[in-house]
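See below for the structure under consideration.
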Amino acid sequence: MDTGTHVVMGFALGGLATLDPVVAQDAVHFHSVLIATVLGSQAPDIDTVLKFKNNAVYIRNHRGVTHSVPAVLLWPLAITAVLSIFFPGTDALHLWLWSFLAVFLHVFVDIFNAYGTQALRPFTYKWVALGVINTFDPFIFTIHVIGLVAWALGAQPGATFLAMYFIIFLYYIAKFLARHDVKKAVLAIIPDAENIIISPTIRFNQWKIAVKTKDAYYVAKAYKSDITVLDKFKRLPVPENDILQAAKQDKNLSSFLSFSPVYSWQVKEYEGGYQVRFTDLRYRTNGHYPFVAVVKLNQDLEITGSYTGWIFNKDKLKKKLDVVPR
């Protein structure tokens, strides 16, 4: 989920913690647990700072080790250790339990969007992405805000947030059922689909779809169970020639390929060298595919520039390639 949703989740969990008699018995316990749930709801996303290094490092590592099984166990211990210094009278066990719940829920809810996480690492490095909830879901965010406002106005926080999470649970079931209907509708029109990637959008009934068959890639959209095919690409294997092999040595392209399951590719020759472009087919926006990896090579197949990330116009791409040499 997005940062804002994780923040309101942290405060909501702090309110829910008042159902714990140990937490509710005095202000020291309550305030330490509230801080712990807010920190725990943010801690796994500390790897967002990798954006400041470059997109390649961020794409390859975001929601990786910080969302792994060891991290889910270590974050609560670190939070408990630090907060126990500032709140010496607090119950360390209950502080750890609520810290753990906050961290666990952060990672758990992240697996429901299209980006996913490496939540099962180190047992497997496979990305777990269920594609049910958008990274920012207005219903989930809004109901959290309503709960927090009700708390501020005097509502009992434990009962308020317990009811809220029950409603969210029903909402998740409704989204799973809607996604299931979309998948059935896709199979009805593309029965030879080998892989169907369904991505939620900010709207409940609208979905983005990428389909892989033996011979083609399809890009489509859905409104409820109404499927509209937007593009079709011939599925061409990436050749093992010298140009592509040289391009694959680039860190930006390597990161893109580790992240993108459905993509098209092209090689363009120009005066002085080649340009290799890979385009992720999952993120079609207004007829454009903005998530790309591009590598420039000279005639000697030396990499002279590369970029991976979101590009919405040619001028921006040219600037990125000019200023990000290998």
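The values are calculated or read from the model by the stated rules, or taken from the named source; none is laboratory data. This one's a predicted model, so the numbers in the text were calculated from it and none came from an experiment. Every residue, glycine among them, receives a Cβ derived from its backbone with ideal geometry; neighbour counts consider all protein chains shown. In case anyone asks, the SASA skips ligands and DNA or RNA and just uses the protein heavy atoms, side chains included. Shrake-Rupley method; radii C 1.70, N 1.55, O 1.52, S 1.80 Å.
Take the conditions (1) modelled with pLDDT under 95; (2) part of a helix (DSSP H, G or I); (3) among the β-branched types (Val, Ile, Thr); (4) open to solvent by less than 40 Å² (accessible area, probe 1.4 Å); residue 28 misses just one of them, which is (4).
Here residue 8 does not fit the description of being more than 15 Å from the chain's Cα centre (by Cα), among the hydrophobic types (A, V, I, L, M, F, W, C) and over 26 Å from residue 140 (Cβ atoms). Kindly evaluate residue 230 against the criterion of being in contact with a strand residue (DSSP E or B) (Cβ under 9 Å, 6 or more places away or on another chain) and part of a strand (DSSP E or B). Yes: the conditions hold for residue 230. Answer yes if at least one residue in segment 261-275 is open to solvent by 50 Å² or more (accessible area, probe 1.4 Å), in a strand (DSSP E or B) and hydrophobic (A, V, I, L, M, F, W, C), and no otherwise. Taking every residue of segment 261-275 in turn, at least one turns out to be open to solvent by 50 Å² or more (accessible area, probe 1.4 Å), in a strand (DSSP E or B) and hydrophobic (A, V, I, L, M, F, W, C).
Within segment 44-92, the set of residues being of a type in the set (Phe, Trp, Tyr) and modelled with pLDDT of 90 or more comprises 75, 86, 87. Out of the residues in segment 39-54 that are surrounded by 21 or more Cβ atoms within 10 Å (Cβ to Cβ) and over 14 Å from the mean Cα position of the chain (by Cα), state the one that is nearest to residue 257 (Cα to Cα). Among residues in segment 39-54 that are surrounded by 21 or more Cβ atoms within 10 Å (Cβ to Cβ) and over 14 Å from the mean Cα position of the chain (by Cα), the one nearest to residue 257 (Cα to Cα) is 43. Within segment 174-211, being touching a Ser or Thr at 6+ places or on another chain (Cβ under 7 Å) and either open to solvent by 30 Å² or more (accessible area, probe 1.4 Å) or of a type outside the set (Gly, Ala, Ser) (or both) holds for 181, 182, 190, 192, 194, 207, 208. Of all the residues in segment 283-306, those that are of a type outside the set (A, V, I, L, M), open to solvent by less than 20 Å² (accessible area, probe 1.4 Å) and under 22 Å from the mean Cα position of the chain (by Cα) number 2.
Just one of the listed residues (182, 211) is touching a strand residue (DSSP E or B) at 6+ places or on another chain (Cβ under 8 Å) and within 16 Å of residue 263 (Cβ to Cβ), and it is 211. Of the residues 166, 161, 141, 136, the single one that is assigned to a helix (DSSP H, G or I) and surrounded by fewer than 16 Cβ atoms within 10 Å (Cβ to Cβ) is 166.
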